[in-house]
Amino acid sequence: MIKLDPNLCKGCSICTEFCPKNVYENSKTPDKRGIRIPVPKNQDKCTQCNLCALMCPDQAIKVDEEDE
Amino acid sequence: MEENNESPFMKYLRKDRLPNIFCAGCGNGIVLNTFFNGMEMAEVDFDSIAMASGIGCSSRIPGYVKCDSLHTTHGRPISFATGLKLGNPDLNVVVFTGDGDAAAIGGNHLIHGARRNIDMTVICINNSIYGMTGGQISPTSPQGSYGSTAPYGVFERPFDLAELVTAAGATYVARWTTAHALQLTNAIKKGLNNKGFSFIEVISQCPTYFGRKNKLRTPIDMMRWMKDSGVNKLKADQMSAEELEGKIVVGEFANEPQPEFSNELYNLIEEKYGQKSQAAKSAYRED
């Protein structure tokens, strides 16, 4: 489960670019600050490598391990 | 269950200060994450860490970390950190500094810290430009790059910080970029474990000034450039100067332990006075 804090994200799209499995996609509509916040569209492809959490400059991402 | 939604590094940060002041896509946040990750991997106690920093964008990092920190005068974080380390040798002293802070105004402090081989970890976030003051050229700006004080491109030769500090005698030197987050984590882990002067240069992106002046407008463009032009040191040693033009040599530059300054000093005091130094940790004694 990927959790993204919309108050901390500044929309730099580093997670969209550097995810090895292309899990993220930038949202089509900007939010009220004019920022396109990434959406984890393809969560089923996520392998929990935690690279997005490591590379997020604003500490906005948390990757949870799957709880079945 | 609010706590569950937070980044794994949030427990080390001063939450009331967030979101941080850095521009969108700034490399400083990535270096902060990799530092925490490296610290966890090195199994260093977070309470034993004390940070020092000078002036600049990158030197604002200790203000966001929940540990003892010193925000000092421009270019002098290594001098303050030397005092900190000698006052209490049990501390793990970490210095966050930028290229203007370490290479321009604090160049002498940097090389003499390396010469003494005092136990501290210096993380130099090199964004090749003076980001806080409006995009002036710094001593590490690559030849031919543009800045607000170089509208026709820089013709000066830049400093190679990692080579400079290696030559000055540091015992662990590495250079990585923010696009190499995992390798950088590993270098920080090794730097924290090294007993001696550890210098980790991080080539970082400044999309606001360096990117805007050099046709790399977004952080993604800058990180792609860093990833594509990175050449490992082992490979670069066999390449000619023409082949290395425009490349960033990354990797480990030095890793050989030497006698450490604070250790030697305390041994000398014990030898000459027959007892352990009274100055050490005097502020911490119960009486």
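Miscellaneous remarks
- Remark: pairs (first residue in the stretch A:41-55, within 21 Å of B:VAL31 (Cα to Cα); second residue of a type in the set (Gly, Ala, Ser); Cβ separation under 8 Å; 6+ apart in sequence or on different chains) = A:LEU51/B:ALA181; A:ALA53/B:SER7; A:LEU54/B:ALA181; A:MET55/B:ALA181.
- Here is the figure for the stretch B:24-55: residues that are assigned to a loop (DSSP other than H, G, I, E, B) and either small (Gly, Ala, Ser) or in contact with a Lys or Arg (Cβ under 8 Å, 6 or more places away or on another chain) (or both) total 3.
- Looking only at residues of the stretch A:9-43 that are acidic (Asp, Glu) and modelled with pLDDT of 90 or more, we find that the one that is nearest to B:ASN33 (Cα to Cα) is A:GLU17.
- Residue check for B:SER59: of a type in the set (Ser, Thr, Tyr), surrounded by 21 or more Cβ atoms within 10 Å (Cβ to Cβ), in a helix (DSSP H, G or I) and touching a strand residue (DSSP E or B) at 6+ places or on another chain (Cβ under 7 Å): yes
- Failed item, numbered, when B:THR178 is tested on (1) under 27 Å from B:ARG115 (Cβ atoms); (2) crowded, with 22+ Cβ neighbours inside 10 Å; (3) not hydrophobic (A, V, I, L, M, F, W, C): (1)
- Note on the stretch B:1-50: residues that are more than 9 Å from chain A (Cβ to nearest Cβ), surrounded by 22 or more Cβ atoms within 10 Å (Cβ to Cβ) and farther than 28 Å from B:ASN193 by Cβ total 0.
- Residue match in the stretch B:107-130 (condition: in contact (Cβ under 8 Å) with a residue 24 or more places away in the chain, farther than 30 Å from B:ARG217 by Cβ, assigned to a loop (DSSP other than H, G, I, E, B) and in contact with a Lys or Arg (Cβ under 8 Å, 6 or more places away or on another chain)): yes
- Identification of helices (runs of 4 or more DSSP H) wholly contained in the stretch B:185-287 with 1 or more residues that are within 14 Å of chain A (Cβ to nearest Cβ) and either out of contact with any Lys or Arg (no Cβ under 8 Å at 6 or more places or on another chain) or at pLDDT 95 or above (or both) yields B:219-229.
The values are calculated or read from the model by the stated rules, or taken from the named source; none is laboratory data. Values in this document were obtained by computation on a predicted structure and should not be read as measured data. All Cβ positions, glycine included, derive from the backbone under ideal geometry; neighbour counts span all protein chains shown.
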